[in-house]
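The values are calculated or read from the model by the stated rules, or taken from the named source; none is laboratory data. This one's a predicted model, so the numbers in the text were calculated from it and none came from an experiment. Note that we place each Cβ from the backbone using ideal geometry, even for glycine, and neighbour counts take in every protein chain shown. All accessible areas refer to the heavy atoms of the entire protein, side chains included, with ligands and DNA or RNA removed. Shrake-Rupley method; radii C 1.70, N 1.55, O 1.52, S 1.80 Å.
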Amino acid sequence: MPRKFTPKVITSNDLLEGDVIYLARDGEWVRDIRRAALYDDENEAISALACADSHRHRHVGAYLADAALNDEGLPDPVHFREVFRTRGPTNYFHGKQADS
């Protein structure tokens, strides 16, 4: 029996800077998951991923990641790996971690 599709965001890594990025509804790549497009429909998510994957000059390793709407109606990561990725590099405080 197939599993029920759960909401997803499209995430990748910026090819030049290495930052985690997310695909927004307007097709732009953003660094904040709360600005990412949340896909509730599996076919739409797969189609958007295929389109995003065709722009490999900008990013590397795009995939669908589980997400859920938070109390503000914005996407939040579900899996600990994705929570970890939203926090940026862990070797020392810089980037997103320096702002926390």
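For segment 52-77, enumerate the residues that are assigned to a helix (DSSP H, G or I) and either of a type outside the set (A, V, I, L, M, F, W, C) or loosely packed, with under 13 Cβ neighbours inside 10 Å (or both). Selection gives Asp53 alone.
The criterion of being of a type outside the set (A, V, I, L, M, F, W, C), touching a strand residue (DSSP E or B) at 6+ places or on another chain (Cβ under 9 Å) and surrounded by 16 or more Cβ atoms within 10 Å (Cβ to Cβ) holds for Glu82. Restricting attention to segment 40-51, which residues are among the aliphatic types (A, V, I, L, M) and open to solvent by less than 80 Å² (accessible area, probe 1.4 Å)? Listed by number, the residues that qualify are Ala45, Ala48, Leu49, Ala50.
Residues of segment 1-30 that are touching a residue at least 12 places away in the same chain (Cβ under 8 Å) and within 14 Å of Leu74 (Cβ to Cβ): Pro7, Val9, Tyr22, Ala24, Arg25.
Restricting attention to segment 1-39, the residues that are open to solvent by less than 40 Å² (accessible area, probe 1.4 Å) and either within 8 Å of the chain's Cα centre (by Cα) or within 23 Å of Asp71 (Cβ to Cβ) (or both) total 16. Of the set (1) modelled with pLDDT under 80; (2) part of a helix (DSSP H, G or I); (3) surrounded by 13 or more Cβ atoms within 10 Å (Cβ to Cβ), all apply to Ala98 but (3).
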